């Protein structure tokens with residue numbers, strides 16, 4: 001029988017302190033393992049952020065990350081250089097650092113811009129498309145101001161001073177309502193035609209106190225009101241047919257016989273004061289040739305104006321085509337007083353009444369015996 005060594009047996013039995021230490025060691029390892037597991041998502045996120053930051057830094061350090069070109073279109077009066085300055089984009093701008101919405105907002109702060117669209121295109125190209133407001137003309141208060149088709153105004157800036165060479169000077173129309181009507185009148189006039197106008201002046205005629213006297217760049221004049229100004233779109237066609245290039249072209253409404261007619265300009269018509277036939281709305285009536293129909297009056301045998309009972313001159317009437325309808329027996333009718341109201345009124349002949357003293361007529365009815 002083997003006898004165990006008492007000393008060896010005692011060494012195999014763990015001491016009390018060593019057992020506790022082992023338990024704490026196991027717990028520490030477990031806690032460290034759990035902490036490591038818990039820290040893995042954070043490490044992953046930190047690593048991802050670091051990688052993204054590294055990529056961004058690498059992008060901005062690369063030579064091909066800048067804006068290669070800036071394409072601007074749609075501008076008519078605004079210089080491209082000025083639009084480029086408004087956008088804030090240069091060759092040193094980072095392509096993907098350009099936010100289209102922010103660039104559009106910057107450009108839209110310019111009063112002359114009606115709309116703006118910014119796009120990022122291939123090849124690091126930034127495309128800017130703008131639409132300018134329709135400019136009617138410019139005029140002076142303390143400074144020069146532009147008048148737009150929507151009725152708004154903006155102070156003329158040095159950045160687009162050249163626009164005054166393309167739009168007319170506006171004189172008059174100082175009241176707000178007149179300005180509104182002027183802008184509305186030219187809202188339907190072509191931009192190309194507006195560029196052919198040198199000056200728009202407020203004017204007055206006997207039949208319309210608010211007329212637009214429009215001086216064209218070719219030296220001709222066009223006369224219109226707020227409601228037929230769009231007829232000027234056909235100005236060149238009218239002007240080419242003028243036999244007297246120094247005459248004015250007068251616009252008429254579409255309900256008339258023609259869109260316009262020509263006549264000596266009012267400020268040059270010093271030979272005699274002409275009066276034209278007008279309709280119930282005060283618009284000049286024109287004939288089939290587009291000429292305003294001058295109103296003529298009857299005269300008596302002595303050559304003096306024939307007057308009605310109120311002392312007014314008696315006009316020669318016209319038909320629906322503008323042709324005069326002269327009374328061939330005017331002198332006779334005038335002397336008989338048929339023109340007392342200013343127009344011909346011939347009294348009806350009174351019916352003859354039977355004379356009671358006259359002898360009765362014999363009966364003509366046959367007797368029954370006479371009927372065959």
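Laid out as a table, the results:
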{"read-out": "Label point distance in nm, residue 278-residue 120, each placed 7 Å from Cα along Cα→Cβ", "value": "6.4 nm"}
{"read-out": "Segment 91-179 - Rg (one decimal) and Dmax (whole number), Cα, Å", "value": "16.9, 53"}
{"read-out": "Computed label-point distance, nm, for sites residue 85 and residue 331 using a 7 Å Cα→Cβ extension", "value": "8.1 nm"}
{"read-out": "Zero-based 5 Å bins, Cα pair distances in segment 69-132, whole percents", "value": "4, 18, 37, 26, 11, 4, 0"}
{"read-out": "Among beta bridges that DSSP assigns inside segment 69-132, antiparallel share in %, nearest 5", "value": "60 percent"}
{"read-out": "Cα-based shape type of segment 177-225, given that a ≥ b ≥ c are square roots of the gyration tensor eigenvalues and the cut on a/c is 1.5", "value": "oblate"}
{"read-out": "Distance from segment 64-92 to segment 122-154 (C-alpha centre basis), Å", "value": "17 Å"}
{"read-out": "Chain lengthening between residue 158 and residue 71 when straightened (0.36 nm per residue, less Cα-Cα)", "value": "29.0 nm"}
{"read-out": "Spin-label model distance (nm) - residue 105 vs residue 129, 7 Å beyond Cα toward Cβ", "value": "2.3 nm"}
{"read-out": "Three-way shape label, segment 157-244, alpha-carbon gyration tensor, a/c 1.5", "value": "oblate"}
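Laboratory data are not the source of any read-out in this text; all were calculated from the coordinates shown. None of the values given here were measured: they were computed from a predicted structure. Every residue, glycine as well, gets a Cβ built from its backbone with ideal geometry; the counts of neighbours run over all protein chains shown.
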